[in-house]
Amino acid sequence: MLKAWLAWAYGVSRLAGGIGLLALAVSMPAWSAQTVRVGVYENSPKIGLSGTGQPEGFFVDLIEAIAQREQWQIEYVRGDWNEGLQRLAAGEIDLMPDVALTGERQRLYNFHREPALSSWAQVYARRGSGIRALPDLDGRRVAVLQGSIQEAQFQSLAQSFALRVELVPHKDFAQAFAAVKIGSADAVVTNRFFGVKHAASFNLEDTAIVFAPSTLFFAAPRRGNPATLAAIDRHLQAFKQDPSSPYYRSLKRWTIDEIQPAIPSWLLYVGLGFVALMLAAGV
């Protein structure tokens, strides 16, 4: 009797141990998953919030695809552009999407090597304003995103042409576009993606003022986890080799269908060529 009871107890203990190991194995990914805090601000279609308040856009699709492969848990932290950069510098978030690479930013943040996206800056104005070329901005008020690369580069460009321009900073591009619509600014500087998507809804039109080509990245804190950026590089390189990858599907979804017809390639080259020629001439 005792022998039978011991055999039964041994069997029960083995079964319980097996169930425990199975539960541990099932729950292990959740325990070991890395939480990555990602800043979100309004700059659609690259990144922003949907009508229901959910993060969306090219950079959201991209980091979600990488997170799925790396078993990361993404935690989105909402704010405006400057709040995101401040949180990044303080280590309160792990990644800030859609950051153009500059020398100053390289001193403040870490970047991966493979660019996520390419862009340029363009000036938009109210329909019928007569603003078509750079000299038309002399004496005008120009809305900009506060702390953006477009703000710094446009200010430098205006100074190099000795233009008297009043910069009107705003917390996001939507506010900057609205300022032009209601007449508190005469023109606005934005990136190609936001301009193409939103200009019509604010009754604005593009101009031939195109400048400042840039490459866009996820930025990380100086003391952040280098493995996070290494993983982004690794997956970006793989995605770009596969035309059916999440990278190209998202790119087509958010940008290609809208932007190619709206901004002819000749306009970009003419605008950039004009600026380069004038700068080389010392004007």
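The values are calculated or read from the model by the stated rules, or taken from the named source; none is laboratory data. Source: prediction; values computed, not measured. As a convention, Cβ positions derive from the backbone with ideal geometry for all residues, glycine included, and neighbour counts pool all protein chains shown.
Side notes on the structure shown:
- Check on Q54, assigned by TED's automatic domain parsing to the domain that holds A227, over 26 Å from K197 (Cα atoms) and either surrounded by fewer than 17 Cβ atoms within 10 Å (Cβ to Cβ) or touching a Lys or Arg at 6+ places or on another chain (Cβ under 7 Å) (or both): no
- Given (1) of a type in the set (D, E, K, R); (2) at pLDDT 95 or above; (3) within 29 Å of L108 (Cβ to Cβ); (4) crowded, with 20+ Cβ neighbours inside 10 Å, index of the condition D186 fails: (3)
- Residue match in segment 208-230 (condition: surrounded by 15 or more Cβ atoms within 10 Å (Cβ to Cβ) and in contact with a Lys or Arg (Cβ under 6 Å, 6 or more places away or on another chain)): yes
- Of all residues in segment 62-83 being of a type in the set (G, A, S) and part of a helix (DSSP H, G or I), the one that is farthest from A219 (Cα to Cα): A65
- Test: G139 is assigned to a loop (DSSP other than H, G, I, E, B), at pLDDT below 95 and not hydroxyl-bearing (S, T, Y): no
- Condition met for V77 (surrounded by fewer than 20 Cβ atoms within 10 Å (Cβ to Cβ), modelled with pLDDT of 95 or more and closer than 23 Å to Y247 by Cα): yes
- Applying the condition of being under 13 Å from the mean Cα position of the chain (by Cα) and part of a loop (DSSP other than H, G, I, E, B) to segment 86-120 and asking which residue is surrounded by the most Cβ atoms within 10 Å (Cβ to Cβ) yields A116.
- The residues listed here are A208, A212, A227, A219; of these, the one that is assigned to a helix (DSSP H, G or I) and either on the phi < 0 side of the Ramachandran plot or over 16 Å from the mean Cα position of the chain (by Cα) (or both) is A227.
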